[in-house]
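As C-alpha coordinates, the structure follows; a few thoughts come after it.
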Amino acid sequence: MTDTRDETTATAAASGQTATERFRESGRVGAAEISTERVNLLASRVIKAVNDTVLEEKVTYDEYNALKAWLIRVGEDGEWPLFLDVWIEHSVEQVANENRHGSQGSIEGPYYVPDAPVQQSPTKLPMREDEPGTPLLFRGRVTNVAGDPLPDAKIEIWHADDLGFYSQFAPGLPEWNLRATVPVEPDGQFHIDTMQPAPYQIPTDGACGALIKAAGWHAWRPAHIHLKVSAPEHQLITTQLYFTGDAHISDDIASAVKESLILDPQPRSDDQGKEVTYDFVLDPAE
Ligand code: MBD
Ligand code: FE
(Lines give C-alpha, C1' and ligand atoms only; values in the text may rest on other atoms or scores of the structure.)
(Ligands and ions follow the chains in the order given, each with its own letter.)
Protein backbone atom coordinates (compact mmCIF):
# COMPACT_ATOMS: atom_id res chain seq x y z
CA MET A 1 0.00 0.00 0.00
CA THR A 2 1.36 3.42 -0.87
CA ASP A 3 1.62 5.97 1.90
CA THR A 4 -0.12 9.04 0.54
CA ARG A 5 0.19 11.09 3.71
CA ASP A 6 2.27 14.24 3.55
CA GLU A 7 4.62 15.69 6.15
CA THR A 8 1.93 17.88 7.73
CA THR A 9 0.25 14.70 9.01
CA ALA A 10 3.35 13.80 11.07
CA THR A 11 2.59 12.68 14.62
CA ALA A 12 4.76 12.93 17.71
CA ALA A 13 4.33 9.22 18.40
CA ALA A 14 5.45 8.20 14.89
CA SER A 15 8.54 10.43 14.81
CA GLY A 16 9.27 9.42 18.43
CA GLN A 17 9.11 5.70 17.60
CA THR A 18 11.41 6.28 14.61
CA ALA A 19 13.91 8.23 16.73
CA THR A 20 13.81 5.47 19.35
CA GLU A 21 14.46 2.76 16.73
CA ARG A 22 17.26 4.78 15.14
CA PHE A 23 18.94 5.17 18.52
CA ARG A 24 18.67 1.41 19.19
CA GLU A 25 20.27 0.71 15.79
CA SER A 26 23.00 3.32 16.23
CA GLY A 27 25.49 1.06 18.01
CA ARG A 28 25.57 3.42 21.00
CA VAL A 29 23.55 1.20 23.33
CA GLY A 30 25.98 -0.67 25.56
CA ALA A 31 28.94 0.66 23.54
CA ALA A 32 30.92 1.30 26.75
CA GLU A 33 30.82 -0.43 30.12
CA ILE A 34 29.82 2.04 32.85
CA SER A 35 31.45 1.04 36.14
CA THR A 36 29.41 0.10 39.23
CA GLU A 37 31.00 3.03 41.09
CA ARG A 38 29.90 5.49 38.45
CA VAL A 39 26.34 4.14 38.18
CA ASN A 40 26.07 4.21 41.99
CA LEU A 41 27.27 7.82 42.12
CA LEU A 42 25.16 9.18 39.27
CA ALA A 43 21.94 7.26 39.99
CA SER A 44 22.15 8.17 43.68
CA ARG A 45 22.59 11.86 42.87
CA VAL A 46 19.69 11.99 40.41
CA ILE A 47 17.36 10.13 42.82
CA LYS A 48 18.43 12.46 45.64
CA ALA A 49 17.78 15.54 43.49
CA VAL A 50 14.24 14.33 42.81
CA ASN A 51 13.65 13.48 46.48
CA ASP A 52 14.97 16.89 47.55
CA THR A 53 12.48 18.50 45.15
CA VAL A 54 9.61 16.41 46.57
CA LEU A 55 10.49 17.35 50.15
CA GLU A 56 11.27 21.03 49.56
CA GLU A 57 8.24 21.63 47.33
CA LYS A 58 5.93 19.33 49.34
CA VAL A 59 4.88 17.34 46.25
CA THR A 60 1.35 15.86 46.60
CA TYR A 61 0.06 12.43 45.57
CA ASP A 62 -1.87 14.10 42.72
CA GLU A 63 1.39 15.56 41.43
CA TYR A 64 3.25 12.28 41.95
CA ASN A 65 0.60 10.38 39.97
CA ALA A 66 0.65 13.00 37.19
CA LEU A 67 4.41 12.47 36.96
CA LYS A 68 3.99 8.69 36.88
CA ALA A 69 1.38 8.89 34.09
CA TRP A 70 3.55 11.31 32.13
CA LEU A 71 6.69 9.16 32.36
CA ILE A 72 4.70 6.15 31.13
CA ARG A 73 3.48 8.23 28.18
CA VAL A 74 6.99 9.39 27.25
CA GLY A 75 7.90 5.75 26.67
CA GLU A 76 4.68 4.94 24.84
CA ASP A 77 5.25 7.87 22.46
CA GLY A 78 8.89 6.91 21.92
CA GLU A 79 9.85 10.37 23.15
CA TRP A 80 12.75 9.53 25.44
CA PRO A 81 15.26 10.58 22.73
CA LEU A 82 13.37 13.85 22.23
CA PHE A 83 13.02 14.57 25.95
CA LEU A 84 16.69 13.84 26.71
CA ASP A 85 18.07 15.70 23.68
CA VAL A 86 15.92 18.79 24.34
CA TRP A 87 16.42 19.13 28.10
CA ILE A 88 19.63 17.30 29.02
CA GLU A 89 21.99 16.86 26.05
CA HIS A 90 23.23 20.48 26.11
CA SER A 91 24.95 19.90 29.44
CA VAL A 92 26.52 16.64 28.26
CA GLU A 93 27.80 18.45 25.15
CA GLN A 94 29.23 21.25 27.29
CA VAL A 95 31.19 18.75 29.37
CA ALA A 96 32.31 16.70 26.35
CA ASN A 97 33.69 19.69 24.44
CA GLU A 98 34.96 21.96 27.23
CA ASN A 99 38.62 21.54 26.27
CA ARG A 100 38.28 22.21 22.54
CA HIS A 101 40.18 25.04 20.89
CA GLY A 102 38.50 24.79 17.49
CA SER A 103 34.90 25.40 16.46
CA GLN A 104 32.28 25.12 19.18
CA GLY A 105 29.97 22.13 19.24
CA SER A 106 26.27 21.84 19.96
CA ILE A 107 23.81 19.04 20.53
CA GLU A 108 23.11 16.31 17.96
CA GLY A 109 19.39 16.02 18.69
CA PRO A 110 17.18 13.05 17.81
CA TYR A 111 17.08 13.33 14.00
CA TYR A 112 20.60 12.43 12.79
CA VAL A 113 20.81 9.53 10.34
CA PRO A 114 24.26 8.09 9.51
CA ASP A 115 25.46 7.21 6.02
CA ALA A 116 23.68 9.93 4.04
CA PRO A 117 24.58 9.87 0.30
CA VAL A 118 28.08 11.14 -0.48
CA GLN A 119 28.12 14.26 -2.66
CA GLN A 120 31.48 15.85 -3.44
CA SER A 121 31.66 19.65 -2.88
CA PRO A 122 30.57 21.86 -4.63
CA THR A 123 27.12 20.34 -4.41
CA LYS A 124 23.42 20.88 -3.87
CA LEU A 125 21.65 18.94 -1.13
CA PRO A 126 19.05 16.41 -2.25
CA MET A 127 15.75 18.29 -2.42
CA ARG A 128 12.38 18.21 -4.16
CA GLU A 129 11.95 20.01 -7.46
CA ASP A 130 9.62 22.52 -5.77
CA GLU A 131 11.42 22.58 -2.39
CA PRO A 132 9.93 25.58 -0.56
CA GLY A 133 12.06 28.29 1.08
CA THR A 134 14.88 30.74 0.39
CA PRO A 135 17.90 29.24 -1.43
CA LEU A 136 21.04 29.43 0.70
CA LEU A 137 24.62 28.92 -0.44
CA PHE A 138 26.51 27.67 2.61
CA ARG A 139 30.25 27.93 2.06
CA GLY A 140 33.48 27.94 4.01
CA ARG A 141 36.65 26.03 4.76
CA VAL A 142 37.74 23.29 7.15
CA THR A 143 41.14 23.80 8.79
CA ASN A 144 43.16 22.60 11.77
CA VAL A 145 43.80 24.91 14.74
CA ALA A 146 46.93 26.23 13.00
CA GLY A 147 44.81 27.35 10.03
CA ASP A 148 46.02 24.71 7.57
CA PRO A 149 43.27 23.42 5.26
CA LEU A 150 42.14 19.81 5.79
CA PRO A 151 41.55 18.46 2.26
CA ASP A 152 40.32 15.06 3.55
CA ALA A 153 37.60 16.59 5.73
CA LYS A 154 33.97 15.71 5.26
CA ILE A 155 30.81 17.44 6.34
CA GLU A 156 27.65 15.60 7.27
CA ILE A 157 24.76 18.04 7.04
CA TRP A 158 21.07 17.61 7.83
CA HIS A 159 18.24 20.04 8.51
CA ALA A 160 14.47 20.46 8.52
CA ASP A 161 12.56 21.82 5.55
CA ASP A 162 10.63 25.08 5.33
CA LEU A 163 7.70 23.56 7.26
CA GLY A 164 10.00 22.31 10.02
CA PHE A 165 10.05 18.60 9.17
CA TYR A 166 13.01 16.20 8.89
CA SER A 167 13.17 13.52 6.19
CA GLN A 168 12.79 9.97 7.60
CA PHE A 169 10.92 11.37 10.65
CA ALA A 170 7.81 12.67 8.87
CA PRO A 171 5.77 10.98 6.14
CA GLY A 172 5.89 11.92 2.46
CA LEU A 173 9.44 13.32 2.23
CA PRO A 174 12.09 11.77 -0.06
CA GLU A 175 14.34 9.53 2.04
CA TRP A 176 17.43 11.75 2.00
CA ASN A 177 15.75 15.16 1.58
CA LEU A 178 18.12 17.88 2.89
CA ARG A 179 20.72 15.36 4.09
CA ALA A 180 24.17 14.58 2.64
CA THR A 181 27.77 13.64 3.37
CA VAL A 182 29.98 16.21 1.63
CA PRO A 183 33.74 15.67 1.13
CA VAL A 184 35.43 19.09 0.90
CA GLU A 185 37.44 20.42 -2.05
CA PRO A 186 41.25 19.89 -2.32
CA ASP A 187 41.88 23.26 -0.61
CA GLY A 188 39.51 22.46 2.29
CA GLN A 189 36.70 24.61 0.95
CA PHE A 190 33.08 23.59 0.65
CA HIS A 191 30.10 25.03 -1.24
CA ILE A 192 26.70 23.56 -0.40
CA ASP A 193 23.48 24.80 -1.99
CA THR A 194 20.48 24.27 0.22
CA MET A 195 17.31 25.98 1.44
CA GLN A 196 17.38 28.14 4.54
CA PRO A 197 15.52 26.13 7.21
CA ALA A 198 12.60 27.65 9.14
CA PRO A 199 12.15 27.92 12.92
CA TYR A 200 11.30 24.50 14.28
CA GLN A 201 8.65 23.44 16.74
CA ILE A 202 9.18 20.15 18.54
CA PRO A 203 6.15 17.84 18.19
CA THR A 204 3.32 19.27 20.31
CA ASP A 205 0.92 16.29 20.27
CA GLY A 206 3.04 13.86 22.31
CA ALA A 207 4.29 13.60 25.89
CA CYS A 208 6.91 16.35 25.51
CA GLY A 209 4.29 18.66 24.01
CA ALA A 210 1.96 17.85 26.93
CA LEU A 211 4.68 18.85 29.41
CA ILE A 212 5.36 22.09 27.52
CA LYS A 213 1.66 22.96 27.55
CA ALA A 214 1.12 21.99 31.20
CA ALA A 215 4.15 24.08 32.25
CA GLY A 216 3.24 27.10 30.10
CA TRP A 217 6.46 26.90 28.04
CA HIS A 218 6.85 27.17 24.25
CA ALA A 219 7.99 24.41 21.87
CA TRP A 220 10.29 26.40 19.57
CA ARG A 221 13.86 25.98 18.50
CA PRO A 222 15.40 28.68 16.31
CA ALA A 223 16.00 27.61 12.70
CA HIS A 224 19.17 25.56 12.55
CA ILE A 225 21.46 23.48 10.36
CA HIS A 226 22.94 20.33 11.93
CA LEU A 227 26.51 19.33 11.10
CA LYS A 228 29.14 16.73 11.86
CA VAL A 229 32.55 17.80 10.58
CA SER A 230 35.45 15.35 10.64
CA ALA A 231 38.88 14.66 9.17
CA PRO A 232 41.46 11.89 9.66
CA GLU A 233 43.52 12.41 12.83
CA HIS A 234 41.17 15.13 14.06
CA GLN A 235 38.29 15.16 16.52
CA LEU A 236 34.87 15.05 14.95
CA ILE A 237 32.73 18.02 15.94
CA THR A 238 28.93 17.79 16.12
CA THR A 239 27.39 21.24 15.97
CA GLN A 240 24.53 23.42 14.77
CA LEU A 241 24.40 26.81 13.05
CA TYR A 242 21.67 29.40 13.60
CA PHE A 243 20.51 32.64 11.95
CA THR A 244 20.74 36.14 13.35
CA GLY A 245 17.40 37.82 14.05
CA ASP A 246 15.57 34.52 14.57
CA ALA A 247 12.59 34.99 16.92
CA HIS A 248 13.81 32.16 19.18
CA ILE A 249 17.56 32.74 19.09
CA SER A 250 17.51 33.73 22.80
CA ASP A 251 15.00 31.19 24.11
CA ASP A 252 15.76 27.90 22.38
CA ILE A 253 13.73 25.17 24.13
CA ALA A 254 16.83 22.95 23.78
CA SER A 255 19.30 25.55 25.23
CA ALA A 256 21.71 24.81 22.37
CA VAL A 257 22.52 28.25 20.87
CA LYS A 258 26.01 29.76 21.22
CA GLU A 259 27.09 33.20 20.00
CA SER A 260 29.82 31.80 17.72
CA LEU A 261 27.28 29.58 15.93
CA ILE A 262 24.98 32.37 14.68
CA LEU A 263 25.13 33.11 10.93
CA ASP A 264 24.24 36.35 9.15
CA PRO A 265 23.42 35.38 5.53
CA GLN A 266 23.57 38.13 2.90
CA PRO A 267 21.72 38.44 -0.40
CA ARG A 268 23.68 36.85 -3.25
CA SER A 269 25.09 39.14 -5.93
CA ASP A 270 23.12 37.16 -8.56
CA ASP A 271 19.97 37.65 -6.41
CA GLN A 272 19.46 33.84 -6.22
CA GLY A 273 18.67 33.79 -2.51
CA LYS A 274 21.31 34.20 0.20
CA GLU A 275 24.84 33.11 0.97
CA VAL A 276 26.89 32.76 4.11
CA THR A 277 30.42 31.67 5.02
CA TYR A 278 31.37 29.64 8.09
CA ASP A 279 34.84 28.18 8.64
CA PHE A 280 35.25 25.04 10.74
CA VAL A 281 38.35 24.50 12.87
CA LEU A 282 39.03 20.92 14.02
CA ASP A 283 41.05 19.98 17.10
CA PRO A 284 43.72 17.28 16.70
CA ALA A 285 42.79 13.74 17.76
CA GLU A 286 43.61 13.05 21.40
C1 MBD B 1 15.43 19.07 16.80
O2 MBD B 1 15.42 19.37 15.49
C3 MBD B 1 16.57 19.26 17.46
O4 MBD B 1 17.60 19.72 16.77
C5 MBD B 1 16.64 18.97 18.81
C6 MBD B 1 17.89 19.18 19.53
C7 MBD B 1 15.55 18.50 19.49
C8 MBD B 1 14.39 18.30 18.81
C9 MBD B 1 14.33 18.58 17.46
FE1 FE C 1 17.15 19.84 14.70
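The values are calculated or read from the model by the stated rules, or taken from the named source; none is laboratory data. These figures come from a predicted structure and were not determined experimentally. When we count neighbours, we look across all protein chains shown, and the Cβ atoms used for this are built from the backbone with ideal geometry, even at glycine.
Residues are listed down the side, and each one gets a yes or a no for (1) touching a helix residue (DSSP H, G or I) at 6+ places or on another chain (Cβ under 7 Å); (2) free of Cβ contacts under 8 Å to residues at least 40 places away in the same chain:
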| site | (1), (2) |
| --- | --- |
| Asp193 | no, no |
| Ile202 | yes, no |
| Gly206 | yes, no |
| His226 | no, no |
| Pro232 | no, no |
| Tyr242 | yes, yes |
| Glu259 | no, yes |
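Restricting attention to the stretch 134-191, the residues that are more than 16 Å from ligand 1 (Cβ to nearest atom), closer than 14 Å to Ile225 by Cβ and either touching a helix residue (DSSP H, G or I) at 6+ places or on another chain (Cβ under 8 Å) or assigned to a loop (DSSP other than H, G, I, E, B) (or both) add up to 1. The residues in the stretch 196-209 that are part of a strand (DSSP E or B) and crowded, with 21+ Cβ neighbours inside 10 Å can be counted, and the count is 1. Could you tell me whether any residue of the stretch 104-121 is away from ligand 2 (no atom under 16 Å from the Cβ), in contact with a helix residue (DSSP H, G or I) (Cβ under 6 Å, 6 or more places away or on another chain) and either modelled with pLDDT of 95 or more or not in a loop (DSSP other than H, G, I, E, B) (or both)? Scanning the stretch 104-121, I find at least one residue that is away from ligand 2 (no atom under 16 Å from the Cβ), in contact with a helix residue (DSSP H, G or I) (Cβ under 6 Å, 6 or more places away or on another chain) and either modelled with pLDDT of 95 or more or not in a loop (DSSP other than H, G, I, E, B) (or both), so the answer is yes. Being at positive phi, surrounded by fewer than 22 Cβ atoms within 10 Å (Cβ to Cβ) and either without any contact (Cβ under 8 Å) to a residue 60 or more places away in the chain or not in a strand (DSSP E or B) (or both) is a property that Ser269 lacks. Applying a threshold of 7 Å to beta carbon distances and a minimum spacing of six or more residues, or different chains, the list of pairs starting in the stretch 101-116 at a residue that is free of Cβ contacts under 8 Å to residues at least 60 places away in the same chain and over 10 Å from Ile237 (Cα atoms) and ending at one that is near ligand 1 (Cβ under 8 Å from one of its atoms) and in a loop (DSSP other than H, G, I, E, B) is empty. Checking each residue in the stretch 220-252 for being among the aliphatic types (A, V, I, L, M), part of a loop (DSSP other than H, G, I, E, B) and within 11 Å of ligand 2 (Cβ to nearest atom) picks out only Ala223.
Does Ser255 qualify as being under 18 Å from the mean Cα position of the chain (by Cα) and assigned to a helix (DSSP H, G or I)? No; evaluated as a whole, the condition is false for this residue.
For the stretch 215-224, a residue qualifies if it is in contact (Cβ under 8 Å) with a residue 12 or more places away in the chain and either farther than 30 Å from Pro183 by Cβ or more than 18 Å from the chain's Cα centre (by Cα) (or both), and the qualifying residues are Trp217, His218, Ala219, Trp220. Of the residues that make up the stretch 80-90, is at least one within 22 Å of Leu236 (Cα to Cα), surrounded by fewer than 16 Cβ atoms within 10 Å (Cβ to Cβ) and free of Cβ contacts under 8 Å to residues at least 24 places away in the same chain? Checked the stretch 80-90: at least one residue is within 22 Å of Leu236 (Cα to Cα), surrounded by fewer than 16 Cβ atoms within 10 Å (Cβ to Cβ) and free of Cβ contacts under 8 Å to residues at least 24 places away in the same chain.
Can you confirm whether the stretch 30-38 contains a residue that is over 25 Å from the mean Cα position of the chain (by Cα) and either surrounded by 10 or more Cβ atoms within 10 Å (Cβ to Cβ) or within 16 Å of ligand 2 (Cβ to nearest atom) (or both)? Looking through the stretch 30-38, at least one residue is over 25 Å from the mean Cα position of the chain (by Cα) and either surrounded by 10 or more Cβ atoms within 10 Å (Cβ to Cβ) or within 16 Å of ligand 2 (Cβ to nearest atom) (or both). Once the stretch 148-166 is narrowed to residues that are surrounded by fewer than 18 Cβ atoms within 10 Å (Cβ to Cβ) and among the charged types (D, E, K, R), the residue that is nearest to Val281 (Cα to Cα) is Asp148. Just one of (1) of a type outside the set (Ser, Thr, Tyr); (2) surrounded by fewer than 21 Cβ atoms within 10 Å (Cβ to Cβ); (3) within 29 Å of Leu282 (Cβ to Cβ) fails for Ile212. It is (3).
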